[in-house]
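Each reported figure results from applying straightforward, stated rules to the coordinates on display, with no laboratory input. Keep in mind the model is a prediction, meaning the values are calculated, not measured. Glycine gets a Cβ as well: all are built from the backbone with ideal geometry, and neighbour counts include every protein chain shown.
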Amino acid sequence: MHLFDKVTDFATAQSAFFDGMTLLFGGFGGVGTPPGLIDCLIDSGVKDVKLIGNDAGFPWIGIGKFVCLERATHLLASHIGSNPTAGDLMNQGKLQVEFSPQGILVERIRSGGVGLNGFLTELSKGTQLEYDKPKVNIGGKEYIYEAPVTGDVGIVYAKKADTFGNLIFDKTARNTNPYVAMASKVTIVEADEIVPMGALAPEEIVVPGIFVKYIVQSKGYNWKWVWETKDK
Amino acid sequence: MHLFDKVTDFATAQSAFFDGMTLLFGGFGGVGTPPGLIDCLIDSGVKDVKLIGNDAGFPWIGIGKFVCLERATHLLASHIGSNPTAGDLMNQGKLQVEFSPQGILVERIRSGGVGLNGFLTELSKGTQLEYDKPKVNIGGKEYIYEAPVTGDVGIVYAKKADTFGNLIFDKTARNTNPYVAMASKVTIVEADEIVPMGALAPEEIVVPGIFVKYIVQSKGYNWKWVWETKDK
Amino acid sequence: MGDERQIIAQRAAKEVKDGMIVNLGIGIPSMVPDFLGKDIRVFFQAENGILGMGPTPKENADGNLSNAAGLPVTVLPGASYFDSAIAFGMIRRGCIDLSILGALQVNARGDLANWIVPGKRVPGVGGAMELAYGAKNLIAVMNHCDKDGKPKIVTECSLPVTTYHCVKKIITEIAVFSIVDQQLYLDELMPGYSLADVKNNTEADFSFSANFKAHD
Amino acid sequence: MGDERQIIAQRAAKEVKDGMIVNLGIGIPSMVPDFLGKDIRVFFQAENGILGMGPTPKENADGNLSNAAGLPVTVLPGASYFDSAIAFGMIRRGCIDLSILGALQVNARGDLANWIVPGKRVPGVGGAMELAYGAKNLIAVMNHCDKDGKPKIVTECSLPVTTYHCVKKIITEIAVFSIVDQQLYLDELMPGYSLADVKNNTEADFSFSANFKAHD
């Protein structure tokens, strides 16, 4: 696969998934989680997956669909409030959940994505969310060490991708996607539209293609349901 | 000054400068350092300034003009190669220079800009650039602690600003400017063009106006000289 | 109950001043914009990546334009989109003038508990910890007592704390409190409630603000 | 001298393969693009914030479009601009297939010294430390000896080290070396030079590569 043509089909993208992998997923409350790649993940049959992303989605939207299948062993997320099944699995000991403050989690993903070795913060000091994270004393003050996060595979949803993998996003579907793209060994992008190199202005590109491995054509997103279902 | 109208004149912006301040400046080899604000800084007469930015500019471009006036006591930068006067002042003990790897320096500025407490890296381990930075042992491995950086004042060059301070940049004049804007208590933006709110597409904005205090109208930039002078 | 929540939101709206950057939590806080005067121009931030949110769209909601609760929104002129790291950068950096959050418990020192009821509800912390840490001013809005009638303004939080010493004001359907230097002060009574109502329904000890007033 | 530098750049160009992401330092490395074949499609990255740099503009140079050395460039279709933090994120993350840097000294274990001559030249490290740390492959290009005729391929660096164990190949006007597992191997002689020239001008001990060849 040449540097300048990373467009492929879902079947090829699917071959990147494996049992026991750490999977980073973009999205915030389902918005911006690539729907076709979630179906592709479900269809792959892989299990024992360690999931890392903003939240557990909804049972019918985003990563939530996969979480409900009990094929994930771990979830690192900021909340699971929108997916009661995730809470049930956690209480039954079937899913190990680690909570992180939302902004700290995306910074941990970014830290991995830019090749740094984690960072210090006082944010969760003295709370349950300290867990057993290392404490570091700098200048007489104690901070929590937050480790970098990387994924074996990352799944990303973009508005447009060129064939090199330069990405732009759509409004609040951007959220964690840029850092998921940067922090994964194999980054797979589902794009609403795939365009030739040169079709995106250099200035508007949010994620340079250097971070992307595969690009697949989306069949469209489905998270308008999030609130449509709520309203009914 | 209302949240939605931060446009002012150089005289008002100048009142933000004070003796002994820590000044963050955007720019990379002079490109992207706000030329009007440098002149404004020189004209202010302030002294004992602690400077933080990518490099020492050229003697006639960027922060270099100010450095040559011997009114800075400290410079934290990745190189001073393009400004021999900076090297002379350092050797004479008139300017205390701390070198940082280029990408680590911009991450230190970013760390301050996003309200984190510094980060770990193994980058400069065992070299002179470790200085006396704290070492942190995580999981049996030793890392260098890089402290966050913030400025009392930050000077930024943008292509366009709206009156709220939303910013877009021009090509490689972007460089460190977004993080200088985020990491300074008083961020002053010199913009080539000032536009009404709504004139910039929400998607194209690189720095949200929330980080900006003052906006001044640029009289144009001058760093084409960088290489024009070299060629002669 | 629905009415009480609206009354709380209406009172909280008075704390929103012209020119502020404001972040609103889900539940009661999300009702605050309905009660803002026309002369109040503020920018609402959402931690999923918007600054400058406008009202809920009447029709043609965009699936890719929602607030942090996943509900459809619009944007005002001057709005910007950005990624979640920048969104929380703003929050931790202290760029949010006012954060209004729901709460499960607040104690007299301003400790906030709003992320977990062990063994029962485990929603997770979301962005609450960073908002509580970073906002210049944090107001907790909530019903004065929980569903079982137990006080939510307590001497010590029995629920796990989200952030210590962060709440600066509490607004309930019964009263408004301030917390200054880890001391709880009664600012005012809400319409229809008496000092006895406050005393009977508040576990934490409190003093009276210098400008305590029974009604507006 | 100018000619020698061109010969070094021409040899270095052979290491650039189709589909690579390449970062070039200032000096000799910046001449490498002049010697690439038409069938080699690569993307050049500049750490000030470009991926996909094109050739130097013939006229109408844009003052806001330069490479990391401040020299005017153009961009190719598919290029992107970004800030310096992302630029170095790419570099540390290992996205650069090949970095070609100038050097003051390289020792037999691949330690690179190229940022300071104490008491004389104090340019500062710039982005060299990160490129040396992060690039998948690092080639040092330099004259074989310094201006005083002293060998630059040394047993131990006398100058402060930029990064340890990072150089994988050394290209000079006299020879090409590889460094594998901290061992120095002579790969080939450059045109016009003999093995005696190499031995006379190289301080570090070296072995011969399995595919050592005198000339191309």
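At-a-glance table
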item: Point-to-point label distance, A:TRP60-C:ASP205, nm (Cα→Cβ direction, 7 Å offset); result: 5.4 nm
item: Ranking of B:LEU105, C:LEU186 by count of other Cβ atoms within 10 Å, fewest first; result: C:LEU186, B:LEU105
item: In the range D:68-129, trypsin sites (Lys or Arg not before Pro) in a DSSP loop with at most 12 other beta-carbon atoms within 10 Å; result: D:LYS120
item: 222 nm mean residue ellipticity, helices alone, for chain B (DSSP H n ≥ 4; -39,500 (n - 2.57); rounded to 500); result: -6000 deg cm²/dmol
item: Amide N proximity, the range C:162-179 versus C:ARG121 label position 7 Å along Cα-to-Cβ, cut-off under 15 Å; result: C:162
item: Positive-end residue, the range B:119-219 charge dipole about Cα centroid, Cβ charges, pick of B:VAL156, B:ILE138, B:PHE119; result: B:ILE138
item: Flagged links, alpha-carbon separation over 24 Å, of C:LYS147/C:LYS199; A:LYS47/A:LYS171; A:LYS213/D:LYS58; A:LYS6/B:LYS159; B:LYS171/D:LYS58; C:LYS168/C:LYS199; result: A:LYS47/A:LYS171; A:LYS213/D:LYS58; A:LYS6/B:LYS159
item: Considering only chain B, percent of DSSP beta bridges that pair antiparallel, nearest 5; result: 30 percent
item: Added length on full extension, which subtracts the Cα-Cα distance from 0.36 nm per residue, B:GLN92 to B:LYS133; result: 12.3 nm
item: Cβ neighbours within 10 Å from other chains - mean over A:27-35; result: 4
item: Overall form of the range C:133-201 per C-alpha gyration tensor (a/c, 1.5; a/b vs b/c); result: oblate
item: Cα-based shape type of the range B:95-162, given that a ≥ b ≥ c are square roots of the gyration tensor eigenvalues and the cut on a/c is 1.5; result: prolate
item: For B:MET182, B:MET90, order by how many other beta-carbon atoms lie within 10 Å, fewest first; result: B:MET90, B:MET182
item: Burial ordering of D:GLU59, C:GLU203, C:GLU15, fewest other beta-carbon atoms within 10 Å first; result: D:GLU59, C:GLU203, C:GLU15
item: Mean separation of Cα contacts under 8 Å, 6 or more apart, over the residue count of chain B: relative contact order %; result: 23 percent
item: Label 7 Å beyond Cα on the Cβ vector: C:ASP181 copy-to-copy distances, nm; result: 7.0
item: Alpha-carbon centroids, the range A:134-168 and the range C:117-144: separation in whole Å; result: 24 Å
item: C-alpha center-to-center spacing [the range C:67-85, the range D:146-175] in angstrom; result: 53 Å
item: Crossing angle, helix C:84-93 versus chain C [Cα axis fit, 0-90 degrees, rounded to tens]; result: 40 degrees
item: Chain D - mean residue ellipticity at 222 nm from DSSP helices (-39,500 (n - 2.57) per run, n ≥ 4, rounded to 500); result: -4500 deg cm²/dmol
item: Set of aspartates and glutamates near B:LYS94 by C-alpha distance (under 16 Å), chain-local residues within fewer than 8 positions excluded; result: B:ASP48, B:GLU70
item: Estimated D of the range A:1-151 in µm² per second, where Rh is the Kirkwood radius over Cα pairs and Stokes-Einstein applies at 4 °C, 1.567 mPa s; result: 78 µm²/s
item: Between the range A:71-106 and the range B:186-224, the Cα center-to-center distance that results, in Å; result: 41 Å
item: The range C:1-122 shape via C-alpha gyration tensor axes, a/c threshold 1.5; result: rounded
item: Degrees between helix C:2-13 axis and first principal axis of chain C (Cα, 0 to 90, nearest 10); result: 80 degrees
item: Simple Cβ-charge dipole of the protein assembly as shown, Lys/Arg +1 and Asp/Glu -1, about Cα centre, in debye nearest 20; result: 380 debye
item: Backbone HN-Hα couplings from phi across the range D:75-82 [Karplus 6.51/-1.76/1.60, Hz, Gly and Pro as x]; result: 10, 9, x, x, 6, 9, 9, 7
item: Calculated diffusion of the range C:59-194, Stokes-Einstein form, Kirkwood radius summed over Cα pairs, 4 °C and 1.567 mPa s, µm²/s; result: 79 µm²/s
item: Which of A:ILE42, A:VAL195, A:GLY64, positive extreme of dipole for chain A (C-beta unit charges); result: A:GLY64
